[in-house]
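To keep things clear, I will list the structure first and then write my remarks on it.
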Amino acid sequence: MSLPERQTDIGPPHYEKFLPPVIKKNYGKWAHHEVLSGGTMVHVAESGDKLYTVRVASPRILSTDTIREICEMAEKYSDGYLRFTTRNNVEFLLSDQSKMAPLLAELKDKKYSVGGIGPRISNIVHTQGWVHCHSACTDASGIVKSVMDELHDYFTTKTLPNKVRLAVACCVNMCGAVHCSDIAVVAIHRKVPVIDHETVGKMCEIPTTVSSCPTSAIRPNPKTKSITINEEKCMYCGNCFTVCPPIEIHNPQQDGVAIVVGGKVGSLRTDPKFSKLAIPYIENEPPRWPKVVAAIKNILDVYAANAKKHERVGEWIERVGWEDFFKLTGIPFTFQHIDDFTFMRDTLRNSAAFKY
Amino acid sequence: MGGKYKTPMLDELEKGPWPSFVTEIKKAAKRTEMADDELGQVEKSYVTKRGYWKHGGIVGVLGYGGGVIGRYSSLPNEFPGIAHFHTVRLNQPSGFFYTAEALKMIMDIWDKYGSGLTNMHGSTGDLVLLGTTTENLEVLFAEYSSRGWDLGGSGSAMRTPSCCVGQARCEWACIDTMAICNEVTQYYQDQLHRPSFPYKFKIKVAGCACDCVAAIARADLSIIGTWKDNIRIDQAEVKKYADGGMNIQAEIVEMCPTACMSYDGKTLKVNDAQCSRCMHCIAKMTKALKQGKVKGASILVGSKAPIVVGSLLSWVVVPFMELEAPFDNLKDLADKMIEWWDDNAKPRERIGELIEVKGMRPFLEAIEMPPVPQQVKYPRKDPFFFWSESDFN
């Protein structure tokens, strides 16, 4: 079989090919928008033209079958035009308002979830997990599914003081904005890696492995042609495992997840913030991670009950103070909460004013 | 095909209202052994609480050093269908816009040569095709590239740039994010496809300070739209918000971070000289308040996830820059940043980490930017600072 002629360095197709006529016409000339429901909105151009958006949840892992089904609905209701959001939702782009109701009816019929717009919970940004990644110490998709089943009403209809951005990372590499999310799950290790010395000598570049360690816990061991790890210095980041796979960091009985809170990326009202540690460890409980789901629900409920309108999770916590966050949520405060790594100076309190 | 494995654990994840990734894998498993064995291996992971993927190997297409992530099952005898399960990154169009026709074409080819599973999209932004074999890579590349679709970046290279929806649909986009994203992607094709950097380099373009693409947290070079002149106010629309039940004093005036607004029950005023352009009031009263007309972008640098010595958010280096096609000023600036980083960084050192090691001064000198107060939260607190000969002239 002969192949079509390959081309190199052509880059992606130009986006203009995929823009509906109403966008082409009003590009850069949008006047305002209005949220019509949890999953629909209308953008109005200076010309008066209107663009209706219907947003639908996706598990991010999509089969070609489902993508074809989505395409067929787009052909039926939005002249074939659709897009995806940075949080992996699907958006149908309609220029004809009369097609919105039948699209929503078909989506309901096919059990799609319409939502994610406004002061609600949008899709959870997440990583590959056990589905596809070598360094995963939990499954991202399973946690996402379990959490969103529980919080589904906050995607479709119920509102919160402001939007709440959730994320799940299946290891500390964090291929997702976990480090700046309102509430996020990050999988962690808790044990020093176990070294297969024979294979290390054959497979790994020793200087690279030594320099991969952020706490200088790794030293070369000329006798074994391998390395040794100073157990007191290791904080289980797994960076050595990334450069040298025979340094086994995974420990299925001890690996689990931490919950971090209060991050954001926007500069609205307050500066962007990193997420901070709320719960240092919850064990992995597949298939539905009930303790993780309950922990997130608890934090969300306390936020919803206590935050002022428009306050993000991190803004609410900074207003009331972290001591109140731990009191209100009932989360125990532990040694793990006190930074003893690169951010220690910034995070310890040096004021005589605080709450009980 | 399909149904080779009993999956009682994963079946639990088909219950409930949120769309199920298990259902998606099962759909593909009806057609491909790959997806079926994937299902079997993931079920095993759910039982043993560990993954079964080896580190990526070096696989790819001729002439490229990236765009494909090698992935192999560590249990190829038990799950032969996923002995190879490589990821192909297709460079997404700016703003993730598609037509059904284009997407269906991509799916038709993928069904011929892959598992039938995708990620729409990967964390960096690419359209991710999940699971194929080494022998199918050249075929896939010929099929896609001949139809106008190229691979994205991976490894120590320029990574696929991405952007928010921008002026295609958003009234707050101060810059043409999609055009900028497309332009820098095209400009850096060689660096994107042939890894030659110390480590990864990510570019993200956000139209305003809302930052819907998380540029400030997830890009080595963060481009965020802003403006310089006065906020435009439509008092008739302000009245409509008040009549509609908005508590303008509490929700807008008192939440302004610089306390530059006032409202007497009739007229909303902004002291523009004190405004920091955070976007709160505009985002909450989009019909009444509009940004000024002198628009451009703030350029920030250095953000990354925590590996290895902690996360970084990007730092302001150029407070304001006009950005008009073909964006030569931006490309020139990015070139200077990358050249300084490439000359000075150790392997696997991101540009933000290098700035921490070398200091901001050599970086600013390399990009020919003067020191300005907008670059810092506050000046240094310690009395130890360098002087160089140029400071004495």
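Here are some notes:
- Test: residue in segment B:262-273 that is touching a Ser or Thr at 6+ places or on another chain (Cβ under 6 Å) and open to solvent by 20 Å² or more (accessible area, probe 1.4 Å): yes
- Considering segment B:180-204, and only residues there that are assigned to a helix (DSSP H, G or I) and β-branched (Val, Ile, Thr), the residue that is surrounded by the fewest Cβ atoms within 10 Å (Cβ to Cβ) turns out to be B:Val184.
- Of the set (1) under 18 Å from the mean Cα position of the chain (by Cα); (2) within 8 Å of chain A (Cβ to nearest Cβ), all apply to B:Gly153 but (2).
- Unique residue being under 30 Å from B:Asp176 (Cβ atoms), in a helix (DSSP H, G or I) and open to solvent by less than 70 Å² (accessible area, probe 1.4 Å) when the list is B:Leu333, B:Leu300, B:Leu323: B:Leu333
The rows are residues; the columns are (1) part of a strand (DSSP E or B); (2) at the interface with chain A (Cβ under 7 Å from one of its Cβ atoms); (3) under 25 Å from A:Ala187 (Cα atoms).
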position	(1), (2), (3)
B:Leu13	no, yes, yes
B:Lys27	no, yes, no
B:Asp36	no, no, no
B:Arg50	no, yes, yes
B:Ile109	no, no, no
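- Selection of segment B:159-179 for residues being touching a residue at least 60 places away in the same chain (Cβ under 8 Å) and not in a loop (DSSP other than H, G, I, E, B) yields B:Ser162, B:Cys163, B:Gly166, B:Ala168, B:Thr177, B:Met178, B:Ala179.
- Of the residues making up segment B:111-148, those that are within 7 Å of chain A (Cβ to nearest Cβ), in contact (Cβ under 8 Å) with a residue 24 or more places away in the chain and in a helix (DSSP H, G or I) are B:Asp111, B:Val139, B:Phe141, B:Glu143.
- The one condition in (1) within 29 Å of A:Val210 (Cβ to Cβ); (2) open to solvent by less than 50 Å² (accessible area, probe 1.4 Å); (3) within 14 Å of chain A (Cβ to nearest Cβ) that B:Glu356 fails to fulfil: (2)
- For segment A:124-145, a tally of residues being within 16 Å of B:Phe21 (Cα to Cα) and surrounded by fewer than 24 Cβ atoms within 10 Å (Cβ to Cβ) returns 1.
- Verdict on B:Asp211 being in a loop (DSSP other than H, G, I, E, B) and away from every other protein chain (no Cβ under 11 Å): no
- Only one entry of A:Asp301, A:Asp324 meets the criterion of being free of Cβ contacts under 8 Å to residues at least 24 places away in the same chain, more than 13 Å from chain B (Cβ to nearest Cβ) and surrounded by fewer than 23 Cβ atoms within 10 Å (Cβ to Cβ), and that entry is A:Asp301.
- Scanning segment B:234-260 for residues that are surrounded by 17 or more Cβ atoms within 10 Å (Cβ to Cβ) and within 27 Å of B:Glu322 (Cβ to Cβ) yields B:Cys256, B:Cys260.
- Taking strands (runs of 3 or more DSSP E) as the structural unit, those lying wholly within segment A:6-117 and holding at least 2 residues that are within 24 Å of the chain's Cα centre (by Cα) and facing another protein chain (nearest Cβ under 10 Å) correspond to A:50-56, A:61-63, A:81-84, A:90-94.
The values are calculated or read from the model by the stated rules, or taken from the named source; none is laboratory data. These numbers were taken from a predicted model, which means no experiment stands behind them. Glycine also receives a Cβ, built like all others from the backbone with ideal geometry; neighbour counts cover every protein chain displayed. The area values use the complete protein model at the heavy-atom level, side chains included, leaving out ligands, DNA and RNA. Shrake-Rupley method; radii C 1.70, N 1.55, O 1.52, S 1.80 Å.
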